[in-house]
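The block underneath contains the structure these notes are about, expressed in structure tokens.
The values are calculated or read from the model by the stated rules, or taken from the named source; none is laboratory data. Computed from a prediction, not measured in an experiment: that's the story for all the values here. Because the Cβ atoms are built from the backbone with ideal geometry, glycine has one as well, and the counts that use them run over all protein chains shown.
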Amino acid sequence: MDDIAAWFQWLHQATGIKLTIFYDSYDTKRFLQGFATTLKLATYCLVLSVALGALLAGLYGSRIALVRRAVNGFVQLFRNTPPLVQLYFFYFALGPVLPKIDGQPLLGSFGWALVSLTLLEAAFAAEIFRAGIEAVPKATIEAAQALGYSRWQVYRRVVLPLAVRVTMPAMTNNLVNLVKTTTLAYAIAVPELVYMSAQIWSEQVNVPEMMVVLLVSYVAMVGIINQVMHRLEVRLRVPGFGQ
Amino acid sequence: MNDSRFAVLLPLRLPAPIGDRSSGGVLFSAQVGMILIAVLATSLAMAQAQGAAKPGVIDLLIKWTPLLAKGFFFNLLISVCAMALGTAAGVLLGMARISLLGPVRSGSWLVVQFFRNAPWLVLLFFVMFLLPFEFRIGTTVVPFPDWIKVTLGLALPIMANIAEIVRGAVQSIPTGQWEAARSLAFSRSETLWKIILPQCIKRMLPPWMNWYAILTMATPLASLVGVAEVMTVTGRITSAEGRTDLLIPIYSYVLVWFFLYCYPIAAWTRRLEARYAER
């Protein structure tokens with residue numbers, strides 16, 4: 001570790017390329033904290049939005065027309081308005097209205113970013129799952145029904161596992177978008193990667209270097225996600241289904 | 001497609017049923033719009049009931065509408081310019097993606113991957129901070145205002161995604177078209193521009209429109225790098241009025257504006273997709 005730090009210090013002196021995150025322990029810590037916050041936000045959002053998306057996709061098939069319309073309204077609303085405006089709506093408009101507990105707001109900036117991004121991604125996930133569910137052959141569902149599965153059991157045991165596999169490529173795309181969208185949390189001062197990097201570059205005045213670091217970080221994160229999801233896709237593949 | 005300027009080799013296709021067009025009237029699903037407007041109306045009604053002595057929230061919204069409209073128009077201007085720029089660059093990059101030269105292919109692949117995977121906000125920062133605010137060509141100073149930089153920044157991811165659309169569309173054209181053109185002594189570039197690309201336009205249109213909608217919804221990012229578009233204006237209005245009861249109505253109002261602009265595009269895209277899929 002010391003060697004790396006020494007090398008980057010030498011790099012700074014020799015060329016003027018100032019990558020403080022590699023040798024200034026305070027900056028290293030801030031950068032890693034930012035990274036951790038981004039990963040945390042993305043992970044929580046992923047889990048929550050997939051769960052909510054699956055639920056919404058199930059409700060799309062509801063027998064009650066009002067439920068179907070409400071789900072459709074929610075999905076269209078979140079898909080067709082700017083994510084940043086949604087985030088501002090939650091944080092600046094809804095946030096102050098909610099009751100406070102012991103003088104503390106109910107949700108901080110991280111909480112609101114989580115809520116906003118989860119709802120946005122859930123809207124996308126719901127559409128993806130719906131397409132996946134529609135791709136499950138009717139005969140398969142009928143076969144499950146003939147075996148005495150209830151409506152919920154058919155969904156949980158037959159439709160969902162197959163739909164998940166069909167939707168894997170689209171979900172990978174969605175996950176990549178999610179990681180990219182977490183950068184919006186910068187706007188409401190969530191201490192994520194962009195925010196922390198902005199703090200570093202405004203103090204150290206090394207904007208070009210930090211920009212490159214940021215871009216490389218995100219492109220690397222997305223590359224890893226693509227790789228992992230591709231492997232998962234291959235592992236989960238059901239012979240004779242899809243492709 | 002029947003434009004005589006292009007030598008397009010189309011397979012035999014029966015004319016589309018005319019009934020297809022007559023149903024085009026109802027683009028906008030009224031339900032969804034109604035939900036949004038209902039949210040706005042409820043919040044308005046609640047706010048109106050609270051602040052009886054002060055000017056009503058509806059009056060405030062009406063008062064600020066011209067200013068908001070100006071901001072929103074700026075968003076649209078940025079989106080149209082970025083789309084034009086991104087499409088032009090994207091088509092060229094897409095051509096590079098299917099080039100016969102290996103290095104050009106892999107180089108353009110790298111560019112596409114990079115700009116597709118980088119977050120838009122980071123790209124905006126990149127362009128904002130690293131481009132100069134003016135250019136010097138000889139002795140004349142060409143100013144390079146922030147909004148043009150934002151347009152450039154937004155055009156980059158659009159370029160990469162359009163390039164992928166172009167590549168996908170070109171590759172979806174049957175090889176027979178290439179072979180037929182070759183047997184008629186068309187050169188490769190003639191084949192591409194006069195035979196293949198005109199056929200691609202139809203396939204590219206829905207995803208292209210989709211990306212335009214996404215781009216429009218990304219324009220509020222410009223407010224984060226200091227361009228005074230609709231979100232900046234909204235922020236200024238709320239701080240000028242200093243009324244907490246105005247917050248929900250005004251942000252819903254801006255959401256409604258974007259929704260009314262983007263939803264018809266999305267609905268139209270879906271219709272086109274469905275229609276092309278039928279054939």
Within the range B:240-272, residues within 8 Å of chain A (Cβ to nearest Cβ), at pLDDT 85 or above and surrounded by fewer than 20 Cβ atoms within 10 Å (Cβ to Cβ) come out as B:Ala266
In the set A:Gly95, A:Gly58, the lone residue that is touching a helix residue (DSSP H, G or I) at 6+ places or on another chain (Cβ under 8 Å), more than 14 Å from chain B (Cβ to nearest Cβ) and assigned to a helix (DSSP H, G or I) is A:Gly58
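Here is a check on your reading of the model: is B:Met159 within 18 Å of the chain's Cα centre (by Cα) and in contact (Cβ under 8 Å) with a residue 60 or more places away in the chain? Please lay out each step first, then the result.
Details: within 18 Å of the chain's Cα centre (by Cα): yes; in contact (Cβ under 8 Å) with a residue 60 or more places away in the chain: yes.
So B:Met159 fits the description; yes.
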- Query: Taking the stated definitions as given, is A:Glu203 exposed (fewer than 15 other Cβ atoms within 10 Å of the Cβ), under 29 Å from A:Ile17 (Cβ atoms) and either more than 13 Å from chain B (Cβ to nearest Cβ) or out of contact with any helix residue (DSSP H, G or I) (no Cβ under 7 Å at 6 or more places or on another chain) (or both)?
  - Reply: yes
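Looking at B:Ile214, B:Ile237, which one is within 24 Å of B:Ala163 (Cα to Cα), modelled with pLDDT of 85 or more and of a type in the set (A, V, I, L, M)? Can you show your working first?
Details: B:Ile237 fails: within 24 Å of B:Ala163 (Cα to Cα).
Among B:Ile214, B:Ile237, only B:Ile214 is within 24 Å of B:Ala163 (Cα to Cα), modelled with pLDDT of 85 or more and of a type in the set (A, V, I, L, M).
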Restricted to the range A:126-180 and to residues being within 14 Å of chain B (Cβ to nearest Cβ) and among the β-branched types (Val, Ile, Thr), the residue farthest from A:Ala220 (Cα to Cα) is A:Thr172
Inside the range A:53-69, the number of residues satisfying the requirement of being surrounded by fewer than 18 Cβ atoms within 10 Å (Cβ to Cβ) and under 14 Å from A:Leu119 (Cβ atoms) is 1
Within the range A:62-111, of all residues that are more than 25 Å from the chain's Cα centre (by Cα) and small (Gly, Ala, Ser), the one modelled with the lowest pLDDT is A:Gly103
From the option list A:Leu66, A:Leu77, A:Leu84, single residue qualifying as assigned to a helix (DSSP H, G or I) and either more than 7 Å from chain B (Cβ to nearest Cβ) or out of contact with any helix residue (DSSP H, G or I) (no Cβ under 8 Å at 6 or more places or on another chain) (or both) is A:Leu66
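Would you point out which residue out of B:Ala228, B:Ala155, B:Ala181, B:Ala163 is more than 14 Å from chain A (Cβ to nearest Cβ) and assigned to a loop (DSSP other than H, G, I, E, B)?
Working: B:Ala155 fails: assigned to a loop (DSSP other than H, G, I, E, B); B:Ala181 fails: assigned to a loop (DSSP other than H, G, I, E, B); B:Ala163 fails: assigned to a loop (DSSP other than H, G, I, E, B).
Result: B:Ala228 is the single residue among B:Ala228, B:Ala155, B:Ala181, B:Ala163 that is more than 14 Å from chain A (Cβ to nearest Cβ) and assigned to a loop (DSSP other than H, G, I, E, B).
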Taking the range A:182-196 and keeping residues under 15 Å from the mean Cα position of the chain (by Cα) and not aliphatic (A, V, I, L, M) leaves A:Thr182, A:Thr183, A:Tyr186, A:Glu192
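Looking only at the range A:122-140, decide whether some residue is of a type in the set (S, T, N, Q) and surrounded by fewer than 21 Cβ atoms within 10 Å (Cβ to Cβ).
Just the residues of the range A:122-140 that are of a type in the set (S, T, N, Q), to begin with: A:140.
Pick out the ones that are also surrounded by fewer than 21 Cβ atoms within 10 Å (Cβ to Cβ) and you get A:140.
The answer is yes, given that some residue of the range A:122-140 is of a type in the set (S, T, N, Q) and surrounded by fewer than 21 Cβ atoms within 10 Å (Cβ to Cβ).
Tell me the residue from A:Tyr195, A:Tyr186, A:Tyr155 that is farther than 18 Å from B:Met128 by Cα and of a type in the set (Phe, Trp, Tyr), please.
Working: A:Tyr195 fails: farther than 18 Å from B:Met128 by Cα; A:Tyr186 fails: farther than 18 Å from B:Met128 by Cα.
Within the list A:Tyr195, A:Tyr186, A:Tyr155, the selection yields A:Tyr155.
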